[in-house]
Every structure is written in C-alpha cells, then in structure tokens.
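Enquirer: This is the structure I want to talk about, given as structure tokens.
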C-alpha cells in the first residue's frame with residue numbers, strides 16, 4: 001500500500017464574507033490548489049467535498065457536483081457531512097481511494113458559508129450537530145456543551161480559566177503571521193479573562209469565531225507524483241476515524257474524547273509512528289477546552305496535564321510540540337466544512353518549510369491533523385510525513 | 001482485489017409514517033439486516049450512512065454517529081449526501097473500503113423522513129438537490145425538471161405519454177407481491193393518463209410518492225464471509241460513479257444522462273461484464289421518464305428505444321430484462337436517503353431466490369442497481385453477481 005502525496009493546497013482567507021456563496025469560496029481555494037500542485041484539472045478522478053450546513057445557510061444540498069463544477073473539474077463528486085469533521089472524513093475516504101490504486105488524482109476540500117445567518121441563526125444551525133431530540137430541544141448549544149466538558153475537566157483533573165486562556169493567547173500569537181487568519185491580533189491572558197462570559201467557564205475568547213471560507217487539496221498517488229515529477233514532498237501516511245455516542249449524557253466522562261483517541265491510535269498504527277514521533281499538530285480547538293481534550297486524546301499530553309501545556313509553553317511555537325501554529329480554529333477561523341482540509345494544508349506547509357511559522361519547526365518531519373465533529377462524536381486524525389524521512 | 005459479499009439486508013416498510021424519526025426507521029432496518037446476516041454487531045468496522053434532508057425535516061445533521069448508535073454499533077460512522085443518490089455513494093465507499101482490505105465488516109444504509117414536511121414542504125426541501133441560484137429561485141421543482149427532460153425526449157426520439165404510462169403500470173404490477181411497498185395496487189394505462197397533471201407531460205402516476213423509510217445492508221469482505229461460513233451467495237463485483245453539471249441548462253441534451261452512462265461503464269468494466277450479461281435491473285425511476293433515460297444510459301436499451309421497453313414488454317417481469325421487480329421508486333416508494341441501499345437489497349434477494357418476484361427470474365445471475373441524484377448530476381451503479389457463477 002503506497003502513501004498519498006499532497007501535491008497542492010489552497011485556502012481562502014477565513015472571515016466575514018456573508019455575501020459570498022460557498023461555490024465562490026471553493027472555486028477560489030481550488031484555483032490556488034491547482035496552481036500550487038502543477039496537476040491539470042483533467043487528471044482529477046474524483047472530488048471529495050465536506051460541507052456541514054449548506055441546506056440551512058444557502059438552501060443548497062447536493063453540493064458535490066456543484067463544487068466539482070465550481071472547480072472546473074469533470075469528475076464524480078461526493079459531499080461528506082460529519083458536522084465540523086466533514087472535510088476530515090472527505091480526506092479519509094480520498095486517502096483510502098488513492099492508496100489502494102482506485103484513483104490517481106483527487107480533489108478534496110470543503111467550504112462553509114455561515115455568517116450570512118447572523119450569530120443567532122448560525123448558532124441554531126450549528127446545533128444540528130448535536131442530538132436534536134435529547135440535547136437541542138432541551139436548550140443545548142455548542143458553547144454550552146463544551147462548557148460542561150470544561151467544568152467536568154476542572155472537577156476531575158483540576159485547572160482553571162486562566163489555564164485555558166493561555167490556549168487562546170498562544171493561538172492568537174501563532175496567527176499573527178498567517179495572512180489568511182480571521183484574527184491577526186495579539187491578546188493577553190487578561191483579555192480572555194475579562195471578555196464576556198459565553199457559558200461558564202468559557203468566555204468569548206475561549207470560543208472560535210463564526211467564519212466563511214474554503215480549503216482545497218490536490219492529492220495524488222505516490223506513483224502519479226513520481227511519474228509526473230511533482231514537487232510534493234509531504235505524504236499522508238496514516239488515517240484514522242473514531243465515533244462516539246452523540247449525546248453528552250451517554251458518555252462515560254465528559255472530559256474524555258474516546259472517538260479522537262481511537263482515531264489517533266488507528267492513524268499512528270497506520271503510519272507506524274508513536275505519539276513521541278510527532279513534531280507538531282493542528283488540533284480542533286473550537287473552544288480552548290477542546291484543544292486540551294484533543295492533546296490528551298492524541299497522547300501528546302497525559303490525562304490531566306493537557307491543561308498546563310499552553311501555560312507552561314510545551315505547545316507554544318517554540319515549545320516541545322507546537323500545536324496550532326496556523327492559529328487554530330480559535331484565531332485562524334472555523335468555516336466548518338473547510339476546517340479538516342485546511343488543517344492538512346497547514347501541516348503540509350509547516351513540514352515543507354513553506355509556512356510563515358515553519359521557522360519555529362525547522363527540523364519537523366512528522367505532523368498530525370485532528371478534526372472533530374459535534375462534541376467529538378466524530379473524529380478523524382491524519383499523519384503527515386516528509387517523504388525523504390520515511 | 002476481492003469482491004464484497006452482501007451478508008444481510010433489512011428494509012422498513014416504505015410509506016407514510018410522519019411520526020417516526022429517521023433513527024427509529026433506521027434501527028428497525030438494521031435489526032432485520034443483522035438477523036439476516038448472522039454477523040455480530042461487534043464485528044462492524046465502520047458505518048456508511050446516506051441521508052438527504054435531515055437538516056430540514058428533523059433539524060438533525062451529523063447523523064452518522066446517531067445512526068451507529070441507533071443500530072447498536074460502536075464504530076466510526078460517516079454520513080453521505082448526494083441528494084437521491086446518497087446511499088448509493090455510501091455503498092460505493094463501503095465497497096472500496098472492503099475490497100481493499102481496509103475493513104472486514106461494514107454497515108451501510110440510509111433513511112429519510114419526509115412526509116412530516118407535507119407535500120409542499122417536502123417538494124421545497126427536495127429542491128435543494130437542484131442549483132439554488134440558477135434553478136430553484138427561478139421556480140424549478142423536480143417534477144418540472146423531469147417534465148422538461150420528458151419533453152426533450154419526445155422531441156428528439158418520439159414517444160408519448162401512453163408509453164410512459166406503461167412504465168408506471170409495470171412497476172405497480174411488480175410491487176403487488178412486495179409487502180413493504182408503499183403501493184400494492186394494480187393500475188391501468190388509463191388511470192395514469194387520466195390522473196391529474198403534475199407538470200406536462202408528467203401526471204401524478206408518472207411520479208414516485210413522498211415516502212418515509214430506511215434500508216440497511218451488512219457487507220463483508222470475501223475472506224470474512226468464507227472464514228465465518230456466512231450464507232452470503234451474492235457479491236458486489238462492480239462499482240461506478242458519474243457526475244454532471246448540476247443545472248439542466250448546462251447539459252448537452254436534456255434527454256441524455258452522461259453521469260449514469262459513466263457510472264455504468266465504470267461498474268461494468270470493474271465487474272468484467274457487458275450490458276448483455278445483465279439479467280435484471282433496479283433503476284432510479286423517480287419519474288417514469290427517469291426509468292427510460294436510465295435504461296438508455298445503462299445500455300440496456302439503445303437511444304430512442306427505452307421509451308417502448310415497458311410498453312412492448314421487454315422490461316416487464318417476464319420480459320427479456322426485468323426492470324424494477326421491486327416496484328421501483330414509483331410503487332415501492334422513495335425515502336430518498338434509503339433508496340440506493342434498498343436497491344442493493346432487492347437485487348440481492350432477487351438473485352438469491354429470496355424475493356417474491358424471484359420466480360420471474362429463476363436463471364438470473366447478474367443484476368445492476370442504478371441510483372441517481374438530482375436531475376442525474378450524480379449517479380452510482382453497482383453490479384451484483386451470484387458467487388457460484390463467477
């Protein structure tokens with residue numbers, strides 16, 4: 001089984017562009033991805049596209065063929081929806097297709113238009129990622145659900161709001177050099193602590209923003225990359241996916257994410273690596289607590305220790321294992337359907353030395369991308385490695 | 001590359017059950033599928049689930065993990081959305097996963113709750129499968145779009161409403177013995193011709209109904225089936241997918257379905273068969289004209305001849321190549337997300353001799369299932385064969 005090469009990637013700026021359709025956003029991302037790859041559109045065998053809430057924000061389902069068209073590609077196209085892990089699952093199926101010789105070139109990506117719904121509308125739309133019968137009708141929103149998870153973490157392992165604040169500060173710092181990030185502004189711990197409370201213990205700066213944006217990847221088989229002499233130094237060497245019960249009340253403990261743990265274990269085994277081999281990670285920090293839970297699920301931190309990782313500098317840009325050098329969902333933004341694919345794009349650039357923050361990780365050869373849906377009822381993990389290093 | 005076995009299948013009755021949630025419907029289908037398969041739920045490696053309009057009908061996205069839970073399965077789960085081809089694309093990715101050794105056992109299926117929206121609400125929800133900007137806002141609905149396709153067919157190849165009426169009559173006849181069909185009632189050509197017009201030239205009986213229902217399949221690798229000595233005599237030996245522009249105005253001709261043609265060609269080549277080898281077919285007859293277009297796209301009829309296939313008896317139960325022995329979408333019903341998987345279930349039973357209509361096809365060894373999304377901007381085709389025959 002061969003590995004899959006990342007031949008090119010493209011991202012729109014993430015932010016507030018309520019007037020732009022998701023097809024417009026995705027088209028822009030694909031132009032950049034094809035240019036970056038040097039692969040002709042005519043060689044694309046299939047399109048894997050992630051989108052979460054197009055039915056609600058644009059009255060548009062069946063976005064697979066629509067996005068193939070927007071990308072100027074004539075190929076079968078499928079839309080994947082796993083809430084905020086939508087394009088993570090799209091990447092996973094693309095990897096399986098390519099590494100087994102069932103395709104040579106695929107276009108993978110995702111897009112989301114959200115801000116046109118307004119804050120209340122988008123919050124209500126996002127809630128469809130939770131269990132409508134048992135959670136949403138009882139008033140659950142995602143800030144509320146993650147607040148429960150944060151409180152459960154504090155109760156079990158200790159920690160406080162200030163620890164979480166360091167996650168937000170770190171990710172804002174990382175985004176300063178990312179010209180496509182939604183927020184390119186430094187913040188201080190006090191800013192986070194003094195921000196309005198969203199749902200105790202989480203405040204406004206513990207939460208990722210609502211964002212519009214798109215991400216696209218041109219992935220190829222190893223043999224295609226070699227035959228065409230592509231400049232594609234990074235491979236996806238491992239893929240994993242985990243699942244959990246939807247509703248929080250069915251979980252063994254709110255401060256554990258078994259779906260992410262399962263996805264990570266599978267991806268690491270697939271790539272033949274251990275957590276110790278990981279030089280950097282992009283994780284799904286929709287809220288500051290989510291980054292903490294992800295670090296522990298991925299064995300980058302021991303249970304109960306993830307809370308101090310940002311505060312003590314282990315996950316900062318010059319720390320042992322930098323996390324969310326892109327700025328993460330928190331500062332880069334979180335156009336839901338685009339996020340999973342955008343993480344792969346960021347890890348690829350970081351490892352290839354093409355990222356503004358690559359200077360912080362000059363020797364990095366192995367990175368992971370972790371994408372989560374809902375309160376982590378779905379999770380995907382991908383391992384990326386430098387080709388020369390394998 | 002090994003073939004994929006259909007170890008078990010389960011269907012709810014299709015019909016009007018507006019009070020039942022899609023998780024309730026899917027749970028019922030999976031109970032039957034697991035019983036039929038003899039495979040323990042604990043052996044399931046992944047869940048592939050098709051759903052089209054859950055966001056609009058149940059305020060519920062992220063249905064993958066929800067449906068794994070409803071099925072009593074702990075495994076990663078992904079939701080596929082390709083409009084009316086949603087579970088066709090789910091089956092396709094499941095087949096790719098299994099035949100390459102990336103999984104041993106998977107649960108595949110789909111469900112749709114539609115009738116709770118009422119006729120106008122469901123029609124508006126279905127419209128999200130068309131291009132919202134260029135078609136829906138201009139007033140296009142699916143009966144209108146297929147009426148344009150029918151008119152284009154008549155203009156190019158000849159034919160009349162009475163020819164189409166024979167498709168409806170045939171499919172109602174076939175459904176008489178299908179206890180889970182939405183309509184188990186014989187109709188006459190005059191009934192079709194005298195029914196209220198929906199969109200000229202299509203009338204009420206040219207159209208499939210709105211339906212609630214679910215379908216589930218337990219698929220396994222060949223090696224798993226053999227090791228566990230499963231009663232699983234039917235294999236999925238070919239898979240194909242095609243794509244086309246979303247909007248009708250971008251098509252070369254409204255009476256051609258290149259996405260279905262592409263999917264069929266790929267599936268036949270994959271299985272190593274020709275159209276001549278096909279003994280029976282389940283095709284996506286959301287409207288009577290859709291069956292005609294499908295027959296021609298799948299090379300079961302030459303261009304311009306599909307219109308006479310039902311009228312002249314070539315596709316009737318005792319014809320040369322029976323089509324939609326289940327009753328098709330027209331009479332069995334069309335709970336959108338369930339349809340693609342339900343077609344695989346029907347073909348499996350027909351070939352295995354376990355179907356009420358198997359007596360019409362005692363020597364059949366090869367069948368195909370054709371699932372289409374929108375105005376065939378998406379299509380999947382699967383080839384199924386008796387194991388002993390390969």
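Values in this text are rule-based calculations from the coordinates and carry no lab data. Quick caveat: nothing in here was measured; it's all calculated off a predicted structure. Neighbour counts run over all protein chains shown; Cβ positions are idealised from the backbone, glycine included.
Enquirer: Between the label point of residue A:18 and that of the same position in each other copy, find the distances and list them shortest first in nm, with every label point placed 7 Å from Cα along the Cα-to-C-beta direction.
Expert: Shortest to longest, the spacings are 3.4 nm.
Enquirer: Please build a GNM for chain B, connecting alpha carbons under 10 Å apart, and tell me which residue among B:371, B:357, B:100 fluctuates the most.
Expert: Per the Cα network of chain B with a 10 Å cutoff, B:100 tops the list.
Enquirer: Got the relative contact order for segment A:2-96 handy, in percent, Cα pairs under 8 Å and 6 or more residues apart?
Expert: Value for segment A:2-96: 27 percent.
Enquirer: Please give the helix A:336-352 orientation as an angle from the longest Cα principal axis of chain A, in degrees from 0 to 90, rounded to the nearest 10.
Expert: 70 degrees
Enquirer: How many partner chain Cβ atoms sit within 10 Å of a residue's Cβ in peptide A:87-99, on average, as a whole number?
Expert: Working: counts 0, 1, 7, 1, 0, 4, 8, 0, 1, 6, 5, 0, 2.
Rounded to a whole number, the mean comes out at 3.
Enquirer: Sequence gap at least 6, Cα distance under 8 Å: using those rules, report the relative contact order of segment B:200-296 to the nearest whole percent.
Expert: Numbers: 68 pairs, mean separation 29.3, N = 97.
Answer for segment B:200-296 is 30 percent.
Enquirer: Then there's this: So how do B:330, B:265 line up by other beta-carbon neighbours within 10 Å, fewest first? If you can, show how the numbers build up before the last one.
Expert: Working: B:330 30, B:265 17.
Arranged by neighbour count, lowest to highest, B:330, B:265 become B:265, B:330.
Enquirer: Same structure, new question: Rounded to a whole number, what is D in µm²/s for the protein assembly as shown from Stokes-Einstein with the Kirkwood radius over alpha-carbon pairs (20 °C, 1.002 mPa s)? Present the calculation step by step, with values, prior to reporting the outcome.
Expert: Details: Rh = 25.9 Å.
Reported coefficient: 83 µm²/s.
Enquirer: Using the alpha carbons of segment B:6-82, what is the convex hull volume per residue in cubic angstrom, as a whole number? It would help to have the intermediate numbers written out before the result.
Expert: Details: hull volume 7.4 nm³, N = 77.
It comes to 96 Å³ per residue, whole-number rounded.
Enquirer: Still on this structure, I have one more. I'd like the mean, over residues of B:42-55, of how many other protein chain beta carbons sit within 10 Å of each residue's own Cβ.
Expert: Details: counts 0, 0, 0, 0, 2, 1, 1, 1, 0, 1, 3, 2, 4, 9.
Partner-chain Cβ atoms within 10 Å, mean over residues of B:42-55: 2.
Enquirer: Here's something else I'd like to know. Can you pull the Rg over Rh of chain B, Cα-only, Kirkwood?
Expert: Numbers: Rg = 18.9 Å, Rh = 20.1 Å.
Dividing the radius of gyration by the Kirkwood radius yields 0.94.
Enquirer: Helix B:22-37 versus the longest principal axis of chain B: what angle, 0 to 90°, nearest 10, using Cα atoms?
Expert: Here the helix axis deviates by roughly 60 degrees.
Enquirer: Let me ask something else about it. May I ask for the distance between the Cα centers of segment B:1-19 and segment B:297-364, given as a whole number of Å?
Expert: Comparing the Cα centres of segment B:1-19 and segment B:297-364, I get a distance of 16 Å.
Enquirer: Here is a follow-up. Take B:52, B:34 and order them by how many other Cβ atoms sit within 10 Å, fewest up front. Mind showing how you got there, number by number?
Expert: Details: B:52 32, B:34 22.
Ranking B:52, B:34 by Cβ neighbours within 10 Å, fewest first, gives B:34, B:52.
Enquirer: Okay, moving on. Can you list the distances in nanometres, one decimal and ascending, from the residue B:318 label point to the identical position in each other copy, with the point 7 Å along Cα to Cβ?
Expert: Here the equivalent label points are 8.8 nm apart from this one.
Enquirer: Here is a further query. Arrange the peptides A:91-99, A:210-218, A:115-123 so that the one whose residues have, on average, the most other Cβ atoms within 10 Å appears first. Before the final figure, lay out each step's value.
Expert: Details: A:91-99: 25.8, A:210-218: 30.7, A:115-123: 15.4.
So the order, starting with the most tightly packed, is A:210-218, A:91-99, A:115-123.
Enquirer: Using only atoms on other chains, find how many Cβ atoms lie within 10 Å of each Cβ of peptide B:245-257 and report the average.
Expert: On the way: counts 5, 12, 3, 0, 0, 1, 0, 0, 0, 0, 0, 0, 0.
The per-residue average across the peptide is 2.
Enquirer: On to the next question. Would you mind checking the tilt of helix A:161-175 against the longest principal axis of the Cα atoms of chain A, expressed as 0 to 90 degrees and rounded to 10?
Expert: 30 degrees
Enquirer: Just the projected area, averaged over all directions, of the convex hull on the alpha carbon atoms of segment B:23-123: how many nm²?
Expert: Numbers: hull surface 24.8 nm².
The orientation-averaged projected area of the Cα hull of segment B:23-123 comes to 6.2 nm².
Enquirer: Another question, if that's okay. Tell me, what is the FRET efficiency for residue B:354 and residue B:184 to the nearest 0.05, using R0 = 22 angstrom and their Cβ-Cβ distance as r? Don't jump to the answer; show the numbers that get you there.
Expert: Details: r = 19 Å, r/R0 = 0.85.
The pair residue B:354/residue B:184 has a calculated efficiency of 0.70.
Enquirer: How far is residue B:269 from the same spot in each other copy, in nm, shortest first, if each label point sits 7 Å from Cα toward Cβ?
Expert: Ordered by increasing distance: 3.6 nm.
Enquirer: Now for a different question. List the relative contact order of chain B as a percent without decimals, with contacts defined as Cα pairs under 8 Å and 6+ residues apart. Provide the component values of the computation, followed by the final result.
Expert: Numbers: 1002 pairs, mean separation 98.8, N = 390.
About 25 percent, as a whole number.
Enquirer: Between residue A:253 and residue A:318, 0.36 nm times their residue separation minus their Cα-Cα distance comes to what? List each step's numbers first, then the result.
Expert: Numbers: separation 65, 0.36 × 65 = 23.40 nm, distance 3.25 nm.
Taking 0.36 nm per residue and subtracting the Cα distance, the gain is 20.2 nm.
Enquirer: Next question, about the same structure. Order by neighbour count: A:39, A:189, B:361, A:47, fewest other Cβ atoms within 10 Å first, most last.
Expert: Numbers: A:39 24, A:189 17, B:361 20, A:47 27.
Ascending number of Cβ neighbours within 10 Å: A:189, B:361, A:39, A:47.
Enquirer: Quick one: Cα centre-to-centre distance for segment A:97-172 and segment B:30-77, in angstrom?
Expert: 22 Å
Enquirer: What translational D, rounded to a whole number of µm²/s, comes out for segment B:299-389 from Stokes-Einstein when the hydrodynamic radius is the Kirkwood one over Cα pairs, at 20 °C and 1.002 mPa s? Write down the numbers at each step before the final one.
Expert: On the way: Rh = 14.0 Å.
Approximately 153 µm²/s, per Stokes-Einstein.
Enquirer: For segment B:108-176, compute Rg over Rh where Rg is the Cα radius of gyration and Rh is the Kirkwood radius from the inverse mean 1/r over Cα pairs. Kindly include the intermediate steps, with their values, before the conclusion.
Expert: Numbers: Rg = 15.6 Å, Rh = 14.6 Å.
For segment B:108-176, the value is 1.06.
Enquirer: A follow-up question, please. Could you work out [θ]222 nm for chain A from helices alone, using -39500 (n - 2.57) per DSSP H run of at least four and dividing by all its residues? Round to the nearest 500 deg cm²/dmol.
Expert: -11000 deg cm²/dmol
Enquirer: For the pair residue A:59/residue A:200, report the inter-label distance in nm, with labels modelled 7 Å from Cα in the Cβ direction.
Expert: 4.3 nm
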